[in-house]
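Only one structure is covered here, and it is reproduced in the block below.
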């Protein structure tokens with residue numbers, strides 16, 4: 001199989017939520033000496049982006065989305081492990097949904113995209129106390145803390161996170177990313193967040209950019 | 001926000017005939033045009049008068065079906081709803097229950 | 001060229017040229033049309049929307065004679081939410097006498113059927129008293145809120161914990177179990193409130209927990225309508241399409257996941273719903289013109305495909321209204337006029 005065909009197949013395996021095929025293609029890519037990052041970015045990531053879009057349009061449903069994300073994780077793990085030492089992990093991210101907010105589909109998609117792009121992600125779930133974001137980030141020595149919120153009533157948790165980090169003298173230690181339906185770049189600027197992700201793909205891109213700046 | 005909607009596009013509630021038109025949607029499933037025409041015919045006013053607070057205040061006074069201002073000897077609450085049910089030819093649940101209780 | 005003062009979906013001000021507004025209107029209607037596979041707005045409709053946004057007036061309104069029913073969902077919770085200390089009865093009287101409410105609604109502060117069922121004995125007498133002293137139609141309302149039936153809040157396993165573990169069939173089974181609990185609670189509360197004299201029962205923010213939430217509500221409606229044929233039932237939605245949390249549920253042979261408003265209303269009508277309220281989410285990263293054109297497109301198709309009255313949701317964050325705690329008059333009044341005159345609503 002040539003590179004172009006493999007990349008196309010990789011994309012399809014994610015859309016079809018075919019974990020076995022995704023695994024086989026990731027291994028074939030390594031065996032053929034292809035650039036793992038190119039296979040992730042042009043193949044598997046394109047597939048998961050399409051899955052996200054179909055989900056957002058009501059054309060694909062949560063169980064399929066989860067299966068696709070699983071296939072994505074398997075392929076990404078194999079390809080990331082083949083990267084040269086030091087390039088294997090782009091950085092550590094603690095991700096969760098703001099306290100009082102039980103929505104975690106969007107957050108889980110961001111987790112998948114970050115993992116696919118080589119980040120070590122610590123998903124601390126939904127409805128998480130602000131302090132727990134900070135504790136986990138300190139525990140794992142994270143580079144980025146990401147907080148998602150779906151409600152106008154819970155997005156204030158993103159502001160609180162930044163205030164708490166400042167109070168604890170930790171603001172410069174972690175980059176803070178925010179996202180979720182009511183959040184905007186304007187909101188991120190207002191609360192002093194380092195980045196805002198409009199969707200999962202954008203969040204992964206911004207996270208890469210943030211660490212490039214470090 | 002509610003005040004904005006009320007001014008921009010609402011019928012006006014008890015200041016006008018909004019509550020009466022709503023009752024036709026609720027009891028007969030009528031769409032807005034049909035509901036307005038039905039109420040207008042029962043009140044003997046034009047359709048556009050239904051959302052006019054001056055015309056409707058007078059109509060409500062004449063029919064004694066409840067007015068937005070709290071005046072003496074004017075039908076209030078369930079009293080007004082007895083008359084509304086009769087006027088519109090519809091069943092109002094709480095009115096029927098009230099009748100059952102005082103049988 | 002003079003710029004048009006408008007806003008983004010988060011309420012922030014943005015000044016756009018006429019061609020930019022026109023482009024946003026076209027893209028908004030195209031987005032809705034493509035997603036739901038419905039017709040986009042006509043050239044005439046787009047031109048009317050453009051004129052609406054070009055109009056420099058702070059507030060706009062419908063032409064005289066085109067007014068529609070204004071309902072107040074979750075009315076009695078709203079005063080308390082802004083920290084105004086009035087009782088439920090007092091708040092209903094304020095809606096009736098001061099806010100031009102065509103219909104009103106009473107509800108429990110924790111606006112879901114599950115918590116409401118435990119306090120029916122407190123809710124009923126207040127509701128009965130309200131019926132004695134107020135005149136406009138009075139609903140009792142709450143949200144189906146299937147999420148409350150999962151652990152740790154409820155008895156069922158949490159599908160959002162099962163799904164990431166790849167336990168798809170278990171996640172589906174637990175959602176089917178949640179439906180049974182939710183139907184029981186909705187029928188219980190709906191029955192008691194109807195027997196207390198309610199003019200109608202409102203199922204607000206339906207399908208917030210996806211296709212199982214929608215199915216539970218349709219089934220509850222069916223049971224209530226059979227039990228009380230005269231009952232008015234309103235169903236308000238939570239988003240423009242049914243999220244496929246389960247993905248395989250059907251009603252009357254129709255798969256629920258992925259249904260858009262014009263198809264949702266068909267099933268609602270079949271189940272026995274009297275008034276249907278479509279909801280279209282506002283996108284904070286697009287302009288009000290984009291959001292309004294999109295919301296009107298979905299809503300208009302729903303109205304055209306419906307035999308029952310349509311009362312669209314136009315509260316904060318839906319129907320083109322910006323996602324902000326203080327929705328501005330300029331944006332809200334434009335949504336109001338556009339939804340009624342172009343979307344051809346029966347109420348909002």
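The values are calculated or read from the model by the stated rules, or taken from the named source; none is laboratory data. Worth saying up front: this structure is predicted, and the values here are computed from it rather than measured. For neighbour counting, all protein chains shown are included, and Cβ atoms are generated from backbone atoms with ideal geometry for every residue, glycine included.
Before moving on, here are some points about what is shown:
- Within the stretch A:95-123, the set of residues being under 10 Å from the mean Cα position of the chain (by Cα), buried (at least 20 other Cβ atoms within 10 Å of the Cβ) and part of a strand (DSSP E or B) comprises A:95, A:119, A:121, A:123.
- Candidate set: the stretch C:218-251, residues that are away from chain A (no Cβ under 14 Å) and more than 24 Å from residue C:346 (Cβ to Cβ); chosen: the one surrounded by the fewest Cβ atoms within 10 Å (Cβ to Cβ): C:226
- Criterion applied to C:289, C:293, C:268 was being farther than 20 Å from residue C:58 by Cα and away from chain B (no Cβ under 11 Å), and the one residue passing it is C:268.
- Residue count for the stretch C:311-338 satisfying the condition of being more than 8 Å from chain B (Cβ to nearest Cβ) and either in contact with a helix residue (DSSP H, G or I) (Cβ under 7 Å, 6 or more places away or on another chain) or over 17 Å from residue C:264 (Cβ atoms) (or both): 15.
- The listed residues are B:74, B:68, and the only one of them that is within 12 Å of another protein chain (Cβ to nearest Cβ), farther than 21 Å from residue C:127 by Cβ and either part of a helix (DSSP H, G or I) or touching a helix residue (DSSP H, G or I) at 6+ places or on another chain (Cβ under 7 Å) (or both) turns out to be B:68.
- Residue match in the stretch C:313-324 (condition: within 21 Å of residue C:65 (Cβ to Cβ) and crowded, with 24+ Cβ neighbours inside 10 Å): yes
- Filter result (away from chain A (no Cβ under 12 Å), under 30 Å from residue C:232 (Cα atoms) and in a helix (DSSP H, G or I)) within the stretch C:140-178: C:149, C:176, C:177, C:178
- Qualifying helices (runs of 4 or more DSSP H) (wholly inside the stretch C:256-348; at least 3 residues being within 17 Å of residue B:3 (Cα to Cα)): C:329-341
- Subset of the stretch C:10-60 [in contact with a strand residue (DSSP E or B) (Cβ under 7 Å, 6 or more places away or on another chain) and within 14 Å of chain A (Cβ to nearest Cβ)]: C:13, C:14
- The sole residue among C:86, C:68 that is surrounded by fewer than 17 Cβ atoms within 10 Å (Cβ to Cβ) and either at the interface with chain B (Cβ under 9 Å from one of its Cβ atoms) or in contact with a helix residue (DSSP H, G or I) (Cβ under 6 Å, 6 or more places away or on another chain) (or both) is C:86.
- Any hit, the stretch C:123-134, residues being in a loop (DSSP other than H, G, I, E, B) and within 14 Å of chain B (Cβ to nearest Cβ): yes
- Inside the stretch B:28-46, residues that are under 21 Å from residue C:273 (Cβ atoms) and more than 13 Å from the chain's Cα centre (by Cα) make up a count of 7.
- Contact map, the stretch C:1-21: residues that are on the phi > 0 side of the Ramachandran plot paired with residues that are surrounded by 15 or more Cβ atoms within 10 Å (Cβ to Cβ), Cβ distance under 8 Å, separation 6+ or inter-chain. Pairs shown: C:11/C:322; C:11/C:323; C:11/C:324; C:11/C:327; C:11/C:328; C:11/C:331.
- Condition broken by residue B:48, with the remaining ones in (1) within 8 Å of chain C (Cβ to nearest Cβ); (2) at pLDDT 95 or above; (3) surrounded by 15 or more Cβ atoms within 10 Å (Cβ to Cβ) satisfied: (2)
- Test for residue A:53: is it closer than 29 Å to residue C:280 by Cα, surrounded by fewer than 22 Cβ atoms within 10 Å (Cβ to Cβ) and modelled with pLDDT under 90: yes
- Note on the stretch C:194-215: residues that are touching a strand residue (DSSP E or B) at 6+ places or on another chain (Cβ under 9 Å), within 17 Å of residue C:145 (Cβ to Cβ) and in a helix (DSSP H, G or I) total 4.
- Residue identified as in a helix (DSSP H, G or I) and either crowded, with 19+ Cβ neighbours inside 10 Å or on the phi < 0 side of the Ramachandran plot (or both) among B:30, B:14: B:14
- Which numbered condition residue A:174 fails, given (1) touching a strand residue (DSSP E or B) at 6+ places or on another chain (Cβ under 8 Å); (2) within 14 Å of chain C (Cβ to nearest Cβ): (2)
- The one condition in (1) surrounded by fewer than 24 Cβ atoms within 10 Å (Cβ to Cβ); (2) over 25 Å from residue C:102 (Cβ atoms); (3) within 14 Å of chain A (Cβ to nearest Cβ) that residue C:211 fails to fulfil: (1)
- Those residues of the stretch C:71-83 which are surrounded by fewer than 14 Cβ atoms within 10 Å (Cβ to Cβ) and farther than 18 Å from residue C:329 by Cβ, in sequence order: C:81, C:83
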